[in-house]
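Heads up, the thing below is written out as structure tokens.
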Amino acid sequence: MHYGFVIFIIMTFVSFIWDHHRKFFYIFPLSACVLVIRMVYFLSSEEKRYIFRGLLSRSRSLGVSGDWRGWSWDHPPLLSPYDDVFLTLSEVASKYCVTGRDVYLKRVERIKYVPNKRMVRGSVLHAVVEEVITFAKKFLYSNGVVSGSVISSELSAIALDEVRKIFSRFSQLISSAQYTEKEKETLFSRSVNLWLYEVNQISAAVDAVLARHPHVSLDSLVNLAIPIVVEQRLDGRFLGLSGDLSADALSFAPVILDLKTGKFRDFQRLTTTGYALVLEALYEVPIDVGVLVNVNFNEKNYPIITRRPHLISESLRMEFIEERDRKMEIVAEGSDPGISSSCPLDCPFYSICHGD
């Protein structure tokens, strides 16, 4: 069942930003009229109720053996089979290449690859969300307790410039992925609209906190209105993973959130599972829920946010560790697992495997 639905009540007010380079207005609805706050990483009250009274209740009844908790990293089955091989979490969790030959080509043959359009798009949109949340926190800490309208005005005004900076940062990758001018225009428009969407939702969240707690302190306001840490750095070496992992978002509830910009795929739950295991290894507290967050866009390039909460079950933990061990063996033994029977056409290694 899909739990990512949301109902908005939006009135006719809109915000306008003039793009001097492209000579047109960006039009975006103001957040003060949104009934349910739906920032990319922020869970609605309905989703929180489903997670805490649904998923976490189920997790307590089903149970996860201590052997499959991250804090059991020092003995089998979690113990890393190799002391000198460390994988990124995406290398373990990704199953776009079913056999894992992408890991072999990258880590054993050391073949350099050019990220495809899907990967570049994901990197750009991740950066937009990270930047706008960071800017909002920075603005509050620099200016004190202010209303949502002040935040909206200030952060909306810098949207175009900040997105241009992000595009400049990724310009080489965008070029290498062979984006056409039209595709670049579309990605730029979507990035600006995603920035504005987040600004408006954050502003609404600030106003909601101020309405409920008029004497709130600055630090409390920031943590209540923006209860998310983005791009949290984690050391995964206890589990044979990279020492410099980056989780998309951690909430103050025991929930892992991971941002996706394409279609939902079942194996993507391995990403949140991997981060849960790493957090359990580091802090020795149970993490039982992951949320896959999907950012998509409609025909007008406005963002559509859906979420898929899931239990980080014992079976998912087993699957993650099996993938880790299998791909570690590929790297350690230098064994070519062979070409997948169903290769995505946009795989960066497609021409290497198929000679096209």
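Each reported figure results from applying straightforward, stated rules to the coordinates on display, with no laboratory input. Being a predicted model, the structure only gives us computed values, none of them experimental. All Cβ positions, even for glycine, are placed from backbone atoms using ideal geometry, and neighbour counts span all protein chains on display.
Summary table
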item: Dimensionless Rg ratio for region 126-278, taking C-alpha atoms and the 2.2 N^0.38 Å reference; result: 1.18
item: Shape box of region 14-354 [Cα atoms, principal axes, largest first, Å]; result: 57, 49, 31
item: Least to most buried among Asp235, Asp248, Asp161, Asp102 (fewest other Cβ within 10 Å first); result: Asp161, Asp235, Asp248, Asp102
item: Nonlocal amide H pairs with Ser246, under 5 Å, H built at 1.01 Å; result: Leu234
item: Per DSSP, loop trypsin sites (Lys or Arg not before Pro) in region 289-324 with at most 13 further Cβ within 10 Å; result: Lys300
item: Surrounding net charge for Arg308, when Lys and Arg each add one and Asp and Glu each subtract one, Cβ distance under 12 Å; result: +2
item: Bridge type composition, region 14-354 - antiparallel percent by DSSP, nearest 5; result: 75 percent
item: Overall dimensions of region 256-356 as given by Cα atoms, namely Rg and Dmax in Å; result: 17.0, 50
item: Cα pair distances in region 197-237, grouped into 10 Å bins until the bin that holds the longest one, percent each; result: 27, 42, 19, 10, 1
item: Amide H partners (placed H, <5 Å) of Thr99, local residues excluded; result: Ser340
item: Taking Lys260, Lys106 and counting other C-beta atoms within 10 Å, the order from fewest to most; result: Lys106, Lys260
